[in-house]
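Participant: The structure follows.
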Amino acid sequence: CCPGYANPPRLNVTEEYAIDTRTTNTLSIRCEGVRPLHWNWTTSLEPDDPILNITYDKHPNTDYPYVSTLTIMEPFIVDTGFYYCYYEEATNFVTDRQNVDSTYAYIF
């Protein structure tokens, strides 16, 4: 089919990610991909919430030229949930492993 389709997005964290708010005041997840990246999550956080910052960068001439970082300042227990980094073609956040990478962030 298409170049790059064999490279799903990849996160810099494992499938489960714990944040201890006594020692850490940010939740930061970096995602790399071969096409433009998007984010979704299962928490009540609104996309325009001031504690949320999502950046998009390009790193040409690398294996994963699209880079996006999702950062939550002062995360709280209600920010616990799944965070998905995905390509636009994603059909299902849970089963579409070619177009989605995810982590479960546990905030305590």
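The values are calculated or read from the model by the stated rules, or taken from the named source; none is laboratory data. Keep in mind that this is a model prediction, so the values were computed, not measured. Here Cβ is always computed from backbone atoms with ideal geometry, including for glycine, and neighbour counts include all displayed protein chains. In case anyone asks, the SASA skips ligands and DNA or RNA and just uses the protein heavy atoms, side chains included. Shrake-Rupley method; radii C 1.70, N 1.55, O 1.52, S 1.80 Å.
Participant: What is the local net charge at PHE82, summed over the other residues whose Cβ is closer than 12 Å to its Cβ (Lys, Arg +1; Asp, Glu -1)? Numbers along the way, then the final one.
Facilitator: Numbers: positive: none; negative: GLU15, GLU16, ASP79, ASP101.
Residues near PHE82 contribute -4 overall.
Participant: Below 8 Å between Cα atoms, with a sequence gap of 6+, how large is the relative contact order for the range 1-96 in percent?
Facilitator: On the way: 150 pairs, mean separation 32.7, N = 96.
The value is 34 percent.
Participant: How much accessible area does ARG10 have with a 1.4 Å probe, in Å² rounded to the nearest 10?
Facilitator: 110 Å²
Participant: So, one more: How much accessible area per residue does the chain have, in Å², with a 1.4 Å probe?
Facilitator: Numbers: 6460 Å² over 108 residues.
Heavy-atom accessible area per residue stands at 60 Å².
Participant: Take every Cα pair under 8 Å in the range 52-108 that's 6+ residues apart, average their separations, divide by the length, and report that relative contact order as a whole percent. Intermediate results must be reported in sequence, preceding the final value.
Facilitator: Working: 76 pairs, mean separation 16.9, N = 57.
Reported relative contact order: 30 percent.
Participant: Please list THR26, THR42 in order of solvent-accessible area, largest first, computed with a 1.4 Å probe with all protein chains present.
Facilitator: Details: THR26 40, THR42 80 Å².
Most to least solvent-accessible, the answer reads THR42, THR26.
Participant: Near THR26, within a Cβ-to-Cβ distance under 13 Å, what is the net charge of the other residues, with Lys and Arg +1 and Asp and Glu -1? The partial results should precede the final answer.
Facilitator: On the way: positive: ARG30; negative: ASP20, GLU74, ASP79.
Local net charge: -2.
Participant: Test of understanding: express the Cα radius of gyration of the chain as a ratio to 2.2 N^0.38 Å, with N the residue count. List each step's numbers first, then the result.
Facilitator: On the way: Rg = 13.9 Å, N = 108, 2.2 N^0.38 = 13.0 Å.
Taking N as the residue count of the chain, the ratio is 1.07.
Participant: Under the 0.36 nm per residue contour assumption, what length would be gained going from the current alpha-carbon distance of ILE51 and ARG30 to full extension?
Facilitator: Values: separation 21, 0.36 × 21 = 7.56 nm, distance 1.65 nm.
This chain segment gains 5.9 nm when fully extended.
Participant: Ok, one more. How much accessible area does GLU15 have with a 1.4 Å probe, in Å² rounded to the nearest 10?
Facilitator: 150 Å²
Participant: Sticking with this one: If I compute solvent accessible area with a 1.4 Å probe over the protein chains, what percent of it on the range 24-108 is carbon and sulfur? Don't skip to the end; give the middle numbers.
Facilitator: Numbers: 2490 of 4670 Å².
Carbon-and-sulfur percentage of accessible area, whole number: 53.
Participant: OK, next. Give me the net charge for the shell around VAL94: Cβ to Cβ below 13 angstrom, other residues only, Lys and Arg +1, Asp and Glu -1.
Facilitator: -2
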